[in-house]
Amino acid sequence: MQRHAHPSVSARAAKIVDEIAANADALRISVSTGSLGERLIDMGGSALGCLEAGRLLGEVCMGGLGKVEFTKSSGVANWPLGVVVSSTNPVIACLGSQYAGWTITDDASGFFALGSGPARALSRVEELYKELGYVDHSPKASLVIEGDKAPPPAVIEKVAAACGVNPSGLTILFAPTWSLAGTVQIAARVLEVSIHKAHALHFPLDNILDGTGTCPIAPPFPDFVKAMGRTNDAIIYGGRIHLFVKGSDAEAQKLAEGLPSSSSSAYGKPFADIFSEVNGDFYKIDAMLFSPAMVTVSNVETGKSFHTGKLAPEIVDASFA
């Protein structure tokens, strides 16, 4: 990829994180200070949280380079409430920040989490950053974890050190899948999964100029597998994206044809059923399934657009019921 100057995702996200903390009471979340001086924001674990907390969490995940807004036109008739996600820097916002690509473990405590958000761009522990050519510098790091508990002190030390910040400059935001905030922030990944799949399909990332996505919000369910199934189904069977690209029409058409979830052999039934069939081994599921249902790719250099895929409201209904 060509090397471009980009805004600091950590600096931009820090402003949103401070807004979240300042409005903790209104958002029904809790803010505390950990033993090493780190800031911990519970957005749906012990705290109740809310849909608005999830919307803001989605914007933190995107490093302040994306907008997450509510809509009552999700495209799925029985579940009209959804999110509209947009970014003018979709590759950095989605792959450079939002993607949950940082595996964080601690053998002593048994802690395991996939970290997302702008702290990833400070740590650069993933090989992906060599390809992105993106480097961030900031004294403040924000890490988002899809879980109901904050990491132990040993993990805080590791994360802060990897990011090159003092623990007092680190904020951990967490919300489980089955919470109000959690279900919204996952719906807000509808654009991210399409950028990730475009990368897997070897489409030139520099040719992705802009993007937007829409996804219904899954009703929370107090069971991890069911909640995970619903949030995945929202994107796989109810998600829509529109990418604006440059390059040849042949490349744009190939991207459009490869992006929809229906291109996967695993497509066609609720995700919880698919998960059960592989005995709960997430990595046995075809990775090409994790993408939106309906795709439009527009080539800004030729004016031609390519439409592929379709919504599957009957599967969304079966999953959400």
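The values are calculated or read from the model by the stated rules, or taken from the named source; none is laboratory data. Since the model is a prediction, treat every value here as computed from it, not as a measurement. Every residue, glycine among them, receives a Cβ derived from its backbone with ideal geometry; neighbour counts consider all protein chains shown.
Would it be correct to say that VAL76 is in contact (Cβ under 8 Å) with a residue 40 or more places away in the chain, crowded, with 19+ Cβ neighbours inside 10 Å, closer than 26 Å to ARG120 by Cβ and not small (Gly, Ala, Ser)?
no
Give the residues of the range 129-149 that are within 23 Å of HIS199 (Cα to Cα) and surrounded by fewer than 18 Cβ atoms within 10 Å (Cβ to Cβ), sorted by residue number.
LYS130, GLU131, GLY133, VAL135
What is the residue count in the range 13-33 for residues that are assigned to a loop (DSSP other than H, G, I, E, B) and at negative phi?
So the count comes out to 2.
Quick one: is ILE92 closer than 29 Å to LEU51 by Cβ, at pLDDT 95 or above and assigned by TED's automatic domain parsing to the domain that holds ALA53?
It is false that ILE92 is closer than 29 Å to LEU51 by Cβ, at pLDDT 95 or above and assigned by TED's automatic domain parsing to the domain that holds ALA53.
Go through LEU48, LEU36 for me and flag whichever is part of a loop (DSSP other than H, G, I, E, B), modelled with pLDDT of 95 or more, in contact with a strand residue (DSSP E or B) (Cβ under 9 Å, 6 or more places away or on another chain) and of a type outside the set (Gly, Ala, Ser).
Going through LEU48, LEU36 in turn, the sole match is LEU36.
Being in contact with a strand residue (DSSP E or B) (Cβ under 7 Å, 6 or more places away or on another chain), at negative phi and modelled with pLDDT of 95 or more narrows it down to one of ALA162, ALA188, ALA181, ALA175, so name that one.
Sole residue among the options that is in contact with a strand residue (DSSP E or B) (Cβ under 7 Å, 6 or more places away or on another chain), at negative phi and modelled with pLDDT of 95 or more: ALA188.
Given the criterion modelled with pLDDT of 95 or more, surrounded by fewer than 20 Cβ atoms within 10 Å (Cβ to Cβ) and over 20 Å from the mean Cα position of the chain (by Cα), identify the matching residue among ALA22, ALA11.
So the residue among ALA22, ALA11 that is modelled with pLDDT of 95 or more, surrounded by fewer than 20 Cβ atoms within 10 Å (Cβ to Cβ) and over 20 Å from the mean Cα position of the chain (by Cα) is ALA22.
Restricting to the range 140-167, give me the number of residues that are closer than 21 Å to ILE29 by Cβ and in a loop (DSSP other than H, G, I, E, B).
The qualifying residues number 8.
I'd like the full set of residues that are without any contact (Cβ under 8 Å) to a residue 60 or more places away in the chain, under 22 Å from the mean Cα position of the chain (by Cα) and closer than 18 Å to SER10 by Cα, limited to the range 140-178.
LEU143, ILE145, VAL159, ALA162, CYS163
Are any of the residues in the range 210-222 surrounded by fewer than 20 Cβ atoms within 10 Å (Cβ to Cβ) and among the aliphatic types (A, V, I, L, M)?
No.
Does ALA287 satisfy the criteria of being outside the structural domain of GLY45 (by TED's automatic domain parsing), under 17 Å from the mean Cα position of the chain (by Cα) and surrounded by fewer than 18 Cβ atoms within 10 Å (Cβ to Cβ)?
Against the criterion (outside the structural domain of GLY45 (by TED's automatic domain parsing), under 17 Å from the mean Cα position of the chain (by Cα) and surrounded by fewer than 18 Cβ atoms within 10 Å (Cβ to Cβ)), ALA287 qualifies.
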